[in-house]
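J.: I'd like to ask you about the structure that follows.
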Amino acid sequence: MSTIGIILGSSRPGRQGEAVARWVHGIARDRDDASFEPIDLAEVALPHFDEAIPPMAGAYAQPHTLAWAERIARLDGFVFVTPEYNHSVPGVLKNAIDFLFAEWGNKAAGFVGYGPAGAVRAVEHLRLIMAELQVATVRAQAALTFATDFADRTTFRPAPESRAAVEQMLDQVVSWSEALEPVRRKARA
């Protein structure tokens with residue numbers, strides 16, 4: 001059975017992402033085809049990238065990098081829950097991704113964006129980043145907007161169709177994670 005990490009890509013105080021990530025995890029927990037692990041980057045608390053050797057070399061030296069690498073390596077796929085900052089990916093998420101290289105590869109990823117426009121531009125940037133890391137991104141995604149999924153732009157109240165979008169995305173992430181298992185196994189050999 002695949003293990004999928006649900007990565008909350010914001011550490012901002014007062015962020016809406018905690019409610020969104022809990023909701024996504026709740027939907028995922030109802031499934032019996034994979035296990036799901038929530039990962040809050042505010043709790044991971046990585047410093048700004050501080051490795052002397054580029055991650056592609058896999059020669060991590062910092063204890064926090066080694067712990068992060070171990071956590072990501074044991075996952076089979078990812079769901080990124082992200083807001084959009086200045087038409088792109090939050091810095092804390094980009095930093096966490098940039099710490100590693102091989103640990104991301106040959107896995108699947110899906111996206112749940114939230115914000116005024118559903119974080120669609122941040123998700124598009126994440127798709128490009130994931131492609132460089134050899135992560136297969138699924139087509140289905142959830143774009144949660146303040147107009148449809150938040151009361152008064154502050155209280156998370158997802159629309160019924162948003163749940164269906166998350167379920168479709170999870171279907172794809174789980175099936176692609178399973179399909180990529182032989183590729184991961186070959187890469188480890």
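J.: At 7 Å along Cα-to-Cβ for each site, give me the label-to-label distance between PHE49 and ASP98 in nm.
T.: A separation of 0.4 nm, rounded to one decimal place.
J.: If you don't mind, there's one more thing I want to ask. Share of Cα-Cα pairs in segment 47-159 beyond 23 Å, in percent?
T.: Above the 23 Å cut-off, segment 47-159 has 35 percent of its Cα pairs.
J.: I'd like to know how the chain sits against the 2.2 N^0.38 Å rule of thumb: what's its Cα Rg over that expected value?
T.: The reported ratio for this selection is 0.98.
J.: Once amide H atoms are built 1.01 Å from N in the peptide plane, which residues 5 or more positions from GLU37, or in another chain, come under 5 Å H to H?
T.: Distant-sequence amide H within range of GLU37: ILE4, GLY5, ILE6.
J.: Amide H of LYS107 versus every other amide H placed in the peptide plane: which residues, excluding those fewer than 5 positions away on the same chain, fall under 5 Å?
T.: Long-range HN contacts for LYS107: ALA136.
Values in this text are rule-based calculations from the coordinates and carry no lab data. Fair warning: this is a prediction, and the values are worked out from it, not measured in the lab. FYI the Cβ positions are ideal-geometry reconstructions off the backbone, even for glycines, and counts take in every protein chain you see.
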